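Report on the following structure.
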């Protein structure tokens, strides 16, 4: 029988791991939102994406998640000159 020789982690380290939010990348979040919109049978446009981002922002569970959605909303309105 093979045994792992891994050092057991403390309860504090394990709790920290599970309490840390692992946010998806910006591309993954936008992909999820696009999929939601298309599955709902709605038109895919800037307004629909923005509405979904605002909904997620309102229901964010922390500052890091809020910042993630705010950055994505900012990308929608960024102008390339």
Which residues, counting only those in segment 45-62, are surrounded by 12 or more Cβ atoms within 10 Å (Cβ to Cβ) and part of a loop (DSSP other than H, G, I, E, B)?
60
List pairs: first residue in segment 17-31 and on the phi < 0 side of the Ramachandran plot and at pLDDT below 95, second residue surrounded by 10 or more Cβ atoms within 10 Å (Cβ to Cβ) and assigned to a loop (DSSP other than H, G, I, E, B) anywhere in the structure, Cβ distance under 9 angstrom, at least six positions apart or on different chains.
17/9; 21/62
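The values are calculated or read from the model by the stated rules, or taken from the named source; none is laboratory data. Computed from a predicted structure; not experimentally measured. Every residue, glycine among them, receives a Cβ derived from its backbone with ideal geometry; neighbour counts consider all protein chains shown.
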